[in-house]
Amino acid sequence: MSTDQHKEATTMPRKARVVMPDTPHHIIQRGHNRQTVFAHDEDYQYYLENLFEWKKEFDCQIYAWCLMTNHVHLIIQPGGSTEGLSQLMKRLAGRQTRYVNRLEKRTGSLWESRFKSSPIETDAYLLACSRYIELNPVRARMVASPEEYPWSSYRMKIGLQALKGLDFDNCYLALGRTQQQRELQYKDWVRADVSESEVQQIREALQYGHPTGSEKFRDEIETKLGIRLALNKRGRPRKEKHQVNEGVMLYEIH
């Protein structure tokens, strides 16, 4: 590679991550090289304790979670400051890394470079994303039904586990007038047949860091940011300019 080519490669703008204020985001963070992150019950408990403690400090709400052996899925809504989400994830990753390294007498990174995120269109897609997250152990054939898995938010939503750290989003609250009605409706929702197109849409949005929602929702974000967020399945990705608009933060992805 020539000097000019090397300079061009190292100065190319990196893909931006969109974080919207007061908007739920689907988050995934994987273990480094897909290595095990949670080996014992205490590992899961430690992560959740920190998540519940620091969500208040960074003004975030937690709508869903599922901790798998080598990755985590979360739905987090930052408050008016978009920095809270990134700060929360950074604090969680660092604390869990030090905890595991100390126990296993090791050094090095526990997590893949940075987490991936996708803003969620609340009314139409928030419950779908919650269902997607909480069915992860079933799709992985770790359990036959989501209520058998202890490390997700599902058991709290259907009344099988005491509430701790979970925030109820407006879509969940709209399922019924009483908590018992909501629990029954949510259980039916998760048990319903899920189309492959729904699963694929959620996966692709998270993979590319694009909004999970309708074209209208995506267009609204594109208009606000002045950039194109459409999925590019073929060819080279478009080069986006790094910019910060009022109420929106773009983080560069390494």
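For segment 161-166, the Karplus equation 6.51 cos²θ - 1.76 cosθ + 1.60, evaluated at θ = phi - 60°, returns couplings of 9, 4, 5, 7, x, 8 Hz by residue, with Gly and Pro reported as x.
Which value, in Å², gives the accessible area per residue of segment 69-125 when a 1.4 Å probe is used on the protein heavy atoms? Write out the running numbers ahead of the final one.
Values: 2590 Å² over 57 residues.
Value returned for segment 69-125: 45 Å² of accessible area per residue.
Computed from phi, the 3J(HN,Hα) profile of segment 187-196 under the Karplus parametrisation 6.51, -1.76, 1.60 (θ = phi - 60°) reads 4, 5, 4, 5, 6, 5, 5, 10, 6, 5 Hz, with x in place of Gly and Pro. For segment 115-202, the carbon plus sulfur part of the accessible surface works out to 48%, probe radius 1.4 Å. Using the structure shown, list the pairs from LYS116/LYS157; LYS157/LYS216; LYS55/LYS105; LYS55/LYS216; LYS56/LYS105; LYS55/LYS116 with a Cα-Cα distance above 27 Å, or answer none. Beyond 27 Å between Cα atoms: LYS157/LYS216; LYS55/LYS105; LYS55/LYS216; LYS56/LYS105. Taken one residue at a time, the phi angles of segment 109-119 give Karplus couplings (6.51, -1.76, 1.60, θ = phi - 60°) of 7, 9, 10, 4, 2, 9, 6, 9, 8, 9, x Hz. Gly and Pro are set to x.
Sorted by mean Cβ packing within 10 Å, highest first, what order do the peptides 179-192, 56-69 take? Before the final figure, lay out each step's value.
Numbers: 179-192: 15.0, 56-69: 20.1.
Descending packing order for the listed peptides: 56-69, 179-192.
Around the amide H of GLN61, modelled in the peptide plane, lie the amide H atoms of GLN77, all under 5 Å away and 5 or more residues distant in sequence or on another chain. Using C-alpha pairs below 8 Å separated by at least 6 residues, the relative contact order for segment 51-120 is 22 percent. Rg and Dmax of segment 39-92, both derived from C-alpha coordinates alone, stand at 11.2, 36 Å.
For segment 92-150, count the residues as N, evaluate 2.2 N^0.38 Å, and divide the Cα radius of gyration by that value, please. Numbers along the way, then the final one.
Values: Rg = 16.1 Å, N = 59, 2.2 N^0.38 = 10.4 Å.
In units of the 2.2 N^0.38 Å rule of thumb, it is 1.55.
Scaled against 2.2 N^0.38 Å for its residue count N, the alpha carbon radius of gyration of segment 19-142 is 1.04.
The values are calculated or read from the model by the stated rules, or taken from the named source; none is laboratory data. Just so we're clear, the structure is a prediction, and the values are computed from it rather than from any experiment. As a convention, Cβ positions derive from the backbone with ideal geometry for all residues, glycine included, and neighbour counts pool all protein chains shown. With ligands, DNA and RNA removed, areas are computed over all heavy atoms of the protein, side chains included. Shrake-Rupley method; radii C 1.70, N 1.55, O 1.52, S 1.80 Å.
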